[in-house]
Amino acid sequence: MCAEKNLQRQAFDALDAFRIEIPSWGFANTGTRFGKFVQAAAASSIEEKFSDASEIQRLTGATPTMALHVLWDLPHALDDVEKVQALETEYGIRAGSINPNLFQNQEYKFGSLCNPSAEVRAAALEHMMVSVQIAGALGSRDVSLWLPDGSNYPGTQNMRKRIGWLEEALQQTHAALAPGQRLLVEYKPFEPAFYHTDIADWGMALHLAQVAGPQARVLVDTGHHYQGQNIEQLVAWLIHTGMLGGFHFNDRRYADDDLTLGSIDPYQIFRIFHEILLAETEGKALDVAFMIDQSHNLKGKMEAMVQTVCTAQELWLKAALVDHELLAIRQESCDLVGAEEEFRVAFWRDVRPLIAEWRLSKSLPENPLEEIRTNGYVERITKERAGRASAVSSYA
Ligand code: AFD
Ligand code: MN
Ligand code: MN
């Protein structure tokens, strides 16, 4: 009886501590470079995104904040802050990380912060400054930068010059941060650039964050690695160096596919969570922002978001139930199968009954996915939004 009670306490503590941020762009129509399948239920205004985020939070209890994209969610920049604050109050969802957009304006055709034109670089830097101001006005801690800059053909750009421009721009951005704010530097091997991307891997992001200043960290997007890369190993390095700022969670089979978390390789997410939980049990004060970065072209947006949050909670709890002491003993004695089995047993454990108990203890629906598929919310927003979605460009 006591063991069971302890297990439940351990599980409830882990689930209480787990929060994951949802992306505003996850509710809007999106697509691939080959086209977009418009969904009548898709959100096409910041208000609708807050409404959808509020429903996700009502069902899961783990998503109190929503990441905002500056051009898509605050097209009038600081003039939109009051409106967002009113929506925060109305829907009980806080603005989360602020995402600059340096990838869709025509002037960025040959790059933004790394553009050979000093004028374009200055305009991109100004956008970064506005993003920092928006974060300050909304009380958002993180400015989360993904830089699409790069080139498509060998010999068309001086890659080292671009590193210098980038170091300068991130130092200037960092200097504008308020105390407590952070600049998260995301990396991605390719796309939209197909020959070189200026921030292509975790080493480049680590260097740039360290050069930018003490409030900069690295953001790991789980879809942004070369095939076969050992992500949990680089997460261990970023923990070790104190430079892990957060994650954009999704899954991928081939590239930056933005599939729902855990749909292809759940064991990898479990191993990433293990590195974080192990460090926390060793007393490392990690301040890691868990965020979802997905926007689905085919799956229903609300279902995909609930699926993702529930899968993240399950994998987090599985990792939280690893017996770290026993694992350490087996690792130190090189009891290979014993150590591996401690990992595998935790991963294969069915934690859904414990999560159901936790949900009931919080008066949350026992099965949030079943709930969103049957509670009429999607039908309601489909009716309300039908006919508008197609008129709206992607992401708006
Ligand atoms: C795209 C990029 C990157 C970025 C996200 C939101 O690949 O992951 O974080 O858009 O801007 O997925
Ligand atoms: Mn991302
Ligand atoms: Mn991505």
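Looking at ALA14, is it out of contact with any Cys (no Cβ under 8 Å at 6 or more places or on another chain), in contact (Cβ under 8 Å) with a residue 24 or more places away in the chain and assigned to a loop (DSSP other than H, G, I, E, B)? Taking the combined requirement at face value, the residue does not satisfy it. Restricting LEU177, LEU208 to those that are of a type outside the set (D, E, K, R), surrounded by fewer than 24 Cβ atoms within 10 Å (Cβ to Cβ), in contact with a Leu (Cβ under 7 Å, 6 or more places away or on another chain) and not in a strand (DSSP E or B) reduces the list to LEU177. No other residue among ALA175, ALA123, ALA118, ALA135 is within 16 Å of ligand 1 (Cβ to nearest atom) and aliphatic (A, V, I, L, M) apart from ALA135.
Of all residues in segment 58-109, those that are farther than 30 Å from ALA17 by Cβ, part of a loop (DSSP other than H, G, I, E, B) and within 16 Å of ligand 1 (Cβ to nearest atom) total 7. Considering segment 219-264, the residues that are part of a strand (DSSP E or B) and more than 13 Å from ligand 3 (Cβ to nearest atom) include one that is surrounded by the most Cβ atoms within 10 Å (Cβ to Cβ), namely LEU244. Pick out the one residue from LEU315, LEU278 that is among the hydrophobic types (A, V, I, L, M, F, W, C), surrounded by fewer than 19 Cβ atoms within 10 Å (Cβ to Cβ) and at pLDDT 95 or above. LEU278 is the lone residue from the list that is among the hydrophobic types (A, V, I, L, M, F, W, C), surrounded by fewer than 19 Cβ atoms within 10 Å (Cβ to Cβ) and at pLDDT 95 or above. Filtering segment 237-255 to residues that are touching a residue at least 40 places away in the same chain (Cβ under 8 Å) and under 19 Å from GLU21 (Cα atoms) leaves LEU244, GLY245, GLY246, PHE247, HIS248, PHE249, ASN250. Pairs linking a residue in segment 127-150 that is closer than 24 Å to HIS224 by Cβ and away from ligand 2 (no atom under 14 Å from the Cβ) to a residue that is among the acidic types (Asp, Glu) and modelled with pLDDT of 95 or more, with Cβ atoms under 8 Å and 6 or more positions apart or on different chains, are ALA135/ASP142; ASP149/ASP198; GLY150/ASP198.
Return the residues of segment 22-50 that are in contact with an Asp or Glu (Cβ under 9 Å, 6 or more places away or on another chain) and touching a residue at least 60 places away in the same chain (Cβ under 8 Å); say none if nothing qualifies. Residues satisfying the conditions are ILE22, PRO23, TRP25, GLY26, PHE27, ALA28, THR30, ALA41, ALA42, ALA43, GLU48. Determine, yes or no, whether LEU208 is closer than 29 Å to LEU74 by Cα, away from ligand 3 (no atom under 16 Å from the Cβ) and within 23 Å of the chain's Cα centre (by Cα). Yes; evaluated as a whole, the condition is true for this residue. Among the residues making up segment 257-289, those that are within 16 Å of ligand 2 (Cβ to nearest atom) and over 16 Å from GLY242 (Cα atoms) are ASP257, ASP258, LEU259, THR260, LEU261, ILE269.
A single member of VAL309, VAL337, VAL345 is surrounded by fewer than 13 Cβ atoms within 10 Å (Cβ to Cβ), out of contact with any Cys (no Cβ under 8 Å at 6 or more places or on another chain) and in a helix (DSSP H, G or I), and it is VAL337.
In segment 225-236, the residues that are at pLDDT 95 or above form no Cβ pair under 6 Å with any partner that is in a helix (DSSP H, G or I) and surrounded by fewer than 11 Cβ atoms within 10 Å (Cβ to Cβ), whether six or more places apart or across chains.
The values are calculated or read from the model by the stated rules, or taken from the named source; none is laboratory data. Owing to the predicted nature of the structure, the values given are computational and were not obtained by experimental measurement. Here the Cβ is made from the backbone with ideal geometry for all residues, glycine too, and neighbour counts use every protein chain on show.
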